[in-house]
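Structure first, then comments.
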Amino acid sequence: MYTRVVEITCKSGKARELSNTIEEKVVPILKKQTGFVDETVLASDAEPNRVLGLSFWNSKEDAERYHREHYPQIHETIKHLLETDPVIRTFDVQSSTTHRITARKAA
């Protein structure tokens, strides 16, 4: 399994609106993508303008296809809420209780 971590700094007071926009407009697009598994959105309690989006994918190729074909549209949808461009990092999932992955299986 593979994950994309999107680190977002939104405009002051826009974290709730950003989270709602992700849920209402982004997640439906993600659900239609080949290899999409799950989306988790985290809002920082220490930094009120920081939001993380974690999308889980069956493979790196699935995540890269989404990034090429659909991420530009997603970015346009949320751009008005952002203070800076999101920082995207990618990871191989080594273990997850939610997705029932152990380090042995993910390796």
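The values are calculated or read from the model by the stated rules, or taken from the named source; none is laboratory data. Here the structure is a predicted model, which means the values were calculated and not measured. Cβ atoms come from the backbone with ideal geometry, glycine included; neighbour counts cover every protein chain shown.
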Meets criteria (touching a strand residue (DSSP E or B) at 6+ places or on another chain (Cβ under 9 Å) and touching a residue at least 60 places away in the same chain (Cβ under 8 Å)) for residue 27: no
Report whether or not residue 92 is surrounded by 13 or more Cβ atoms within 10 Å (Cβ to Cβ) and out of contact with any helix residue (DSSP H, G or I) (no Cβ under 6 Å at 6 or more places or on another chain). no
Take residue 53 and tell me if it is crowded, with 16+ Cβ neighbours inside 10 Å, at pLDDT 95 or above and at positive phi. no
Within the range 8-43, considering residues that are loosely packed, with under 12 Cβ neighbours inside 10 Å and of a type in the set (Ser, Thr, Tyr), the one farthest from residue 65 (Cα to Cα): 12
Identify all residues within the range 1-36 that are out of contact with any Ser or Thr (no Cβ under 8 Å at 6 or more places or on another chain) and farther than 21 Å from residue 80 by Cα; write none if there are none. 31, 32, 33, 34
